[in-house]
Amino acid sequence: MHPVTPDGRYFVVKGQLWRCSNPALEEDVRQRLVDALMAARREVKKAKASGNAAQMKQAREDVDRAKVALGERGPVWWEDGSADFNRFRVANSPYAEWFSALSEDSTGSG
């Protein structure tokens, strides 16, 4: 499981922040969007295998549309005016101290 920032806005993979889905989405809506995202990712894989540029373009647009609807891309889903740090290195963000402490805790050196 990837660590999630204390405010629930991001999870961290290989030192990079990725925006979480909007927690205010109804579960059935969220699941429908996740299903659409997974289907679009399968289409990207098929398009890569076939080398079909038009199919790839459409599949990537479908992935982006699902991620925007989930709140993982596009306008932020929180309303407090905080900046978006999606795809930032955690070390170059306001979450650096939190992540450093988390890393120390997990290695037993903190």
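Bear in mind that the values in this text are calculations on the coordinates, not laboratory data. Note that the structure is predicted; figures quoted are calculated from it, not measured. Methodologically, a virtual Cβ is constructed for each residue, glycine included, from the backbone with ideal geometry; neighbour enumeration extends over all protein chains shown.
Calculate the spin-label point distance for residue 87 paired with residue 61, positioning each point 7 Å from the Cα along the beta-carbon direction, and give it in nanometres.
Each label point lies 7 Å from its Cα, and together they span 1.9 nm.
Looking at the square roots a ≥ b ≥ c of the eigenvalues of the Cα gyration tensor of the range 5-46, which shape do they give, rounded for a/c under 1.5, prolate if a/b is larger than b/c, or oblate?
Since a/c reaches 1.5 but b/c is at least a/b, the shape of the range 5-46 is classed as oblate.
Residue by residue through the range 14-24, what is 3J(HN,Hα) from phi via Karplus (6.51 cos²θ - 1.76 cosθ + 1.60, θ = phi - 60°)? Round to whole Hz and write x for glycine and proline.
The phi angles translate into 6, x, 10, 7, 10, 5, 6, 5, 5, x, 7 Hz.
If I fit a long axis through the Cα atoms of helix 27-50 and take the longest principal axis of the Cα atoms of the chain, what angle between them do I get, 0 to 90°, rounded to 10?
Taking Cα atoms only, the helix is inclined about 60 degrees.
Tell me which label goes with the value of percent of Cα pairs over 18 Å apart computed from the coordinates here: (1) 59; (2) 43; (3) 40.
Evaluating percent of Cα pairs over 18 Å apart on these atoms matches (1).
DSSP loop (so not H, G, I, E, B), at most 14 other Cβ within 10 Å: list which GluC sites (Glu not before Pro) in the range 17-77 pass both filters.
When the GluC sites (Glu not before Pro) of the range 17-77 are filtered for loop state and at most 14 Cβ neighbours within 10 Å, 26 remain.
Full-extension gain between residue 13 and residue 45, please, as 0.36 nm times their residue separation minus the C-alpha to C-alpha distance.
9.3 nm
Given a Förster radius of 22 Å and the C-beta distance between residue 38 and residue 2 as r, what FRET efficiency does 1/(1 + (r/R0)^6) yield to the nearest 0.05?
0.75
What's the angle, to the nearest 10 degrees (0 to 90), between helix 53-70's Cα axis and the longest principal axis of the chain?
The angle comes out at about 40 degrees.
Quote to one decimal, in nm, the extra length available between residue 27 and residue 101 on full extension: 0.36 nm per residue of separation minus the C-alpha distance between them.
Additional length available on full extension: 23.4 nm.
Taking the Cα centre of the range 24-71 as the origin and placing charges on Cβ (Lys, Arg +1; Asp, Glu -1), which of 51, 29, 39 is farthest toward the positive end of the dipole?
It is 51.
Taking H as built 1.01 Å from N, whose amide H comes closer than 5 Å to the amide H of residue 10, not counting residues under 5 places away?
Here the answer is 5, 20, since their amide H atoms fall under 5 Å of that of residue 10.
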